[in-house]
């Protein structure tokens, strides 16, 4: 929703920003994002029931450690005062620091962020990163804000939540609509209050000892997991046809990486439109990225045919990359997917009903808590290097090593227990968290926290 304004005229002006077709479409997508809580609950409920956890332990593991909500009064470029809502959700402090992104989007709310923070905890457990999950954000639409307004929002946001942040408490990172530049603003605002410390935020620019661009780290991790899975099946990515849902920084980076590995990108969608290749030739992703930078959308790309964005899901492809928002693959459109593999590059892109449809149709889903864990691993490596505590060597090799180990464990659980890869991943992550919490809280018998498991 638009930010609140202290004048009727200001409120009306804010609402006008959403009156184009594209904006209405994005707000519809934002509405889907509110089901993030339902998706997280479905995964948690299956895994906790599979493990036989008691109701009290279920409640303990799901309940956030801390929820912070703040109001940000911002003087806009036109001199008017607008209020923005800001949040920071810290899910689990078993391991500190906690880590998680900061996003700027009209759909940001406590429910969505709590689900994302919780999922970050499970992701960390799966890839054996000793941190807790967190997530934060500001409800705003960056498309209609100047750089100065975005900076003032960021500064006020950190001014309101800095007491719960810190290099040993909670480490922010980029997420949707935030960048390394925004992280640099956060670093400065935190330093003004606590003194300089590069380890208080990750995803920083290289000149501030940033290690890996988080969007590139997520893309590299997704490409690695996909390639490993395809290779395990005795195939190669070369020549495989790929459709990409979502062409922001994550989707465009991943599409570029896959095209360089020999994949043919045959269809791409953004929040407005979709395109599909002409004459069987793959889309030039480098050219498409330049087109989007100039025009703002994939539509009217000269080398492809413009189509409705939903048609990308049903395109003739071997692989579907889901790199948009939460719950963009629904029970309805999942029935139209023709790809053999769905790669969840985004957080929770698949609704629980859609998971069942894909499983019934024999489509393999590479789960988000494994596929996009590269950004969390990269953040952890940057934090440890900024602390001066550890040097893990080549960050890409270290990321691949951790993802490979997690993939092997997920595959073994899936085969041994007859589970989908997603269900296997969540049961492993939750099992580790429950066991560590039991040890930490001195739950002396297994019966105190589980009914026996499977």
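The values are calculated or read from the model by the stated rules, or taken from the named source; none is laboratory data. Everything numeric here is computed off the predicted structure, so don't read it as measured data. Reconstructed Cβ throughout: ideal geometry from the backbone, glycine too, with neighbour counts over all protein chains shown.
Out of the residues in the stretch 257-280 that are part of a loop (DSSP other than H, G, I, E, B) and in contact (Cβ under 8 Å) with a residue 12 or more places away in the chain, which is farthest from the chain's Cα centre (by Cα)?
Result: 278.
The strands (runs of 3 or more DSSP E) falling completely within the stretch 14-133 include none with 3 or more residues that are modelled with pLDDT under 95 and surrounded by fewer than 21 Cβ atoms within 10 Å (Cβ to Cβ). The residue that is surrounded by the fewest Cβ atoms within 10 Å (Cβ to Cβ), counting only those in the stretch 271-286 that are more than 28 Å from residue 235 (Cα to Cα) and out of contact with any strand residue (DSSP E or B) (no Cβ under 9 Å at 6 or more places or on another chain), is 272. Residues that are touching a residue at least 40 places away in the same chain (Cβ under 8 Å), surrounded by fewer than 17 Cβ atoms within 10 Å (Cβ to Cβ) and in a helix (DSSP H, G or I) within the stretch 146-159 comprise just one, 148.
Here's the yes/no breakdown for (1) part of a loop (DSSP other than H, G, I, E, B); (2) within 22 Å of residue 131 (Cα to Cα):
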site	(1), (2)
204	yes, yes
221	no, yes
224	no, no
230	no, no
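Taking the stretch 296-314 only, how many residues are under 24 Å from the mean Cα position of the chain (by Cα) and either surrounded by 23 or more Cβ atoms within 10 Å (Cβ to Cβ) or in a strand (DSSP E or B) (or both)? Final tally of qualifying residues: 4.
Has the stretch 234-249 got at least one residue that is over 20 Å from residue 116 (Cβ atoms), in contact with a helix residue (DSSP H, G or I) (Cβ under 7 Å, 6 or more places away or on another chain), modelled with pLDDT of 95 or more and assigned to a helix (DSSP H, G or I)? No: zero hits.
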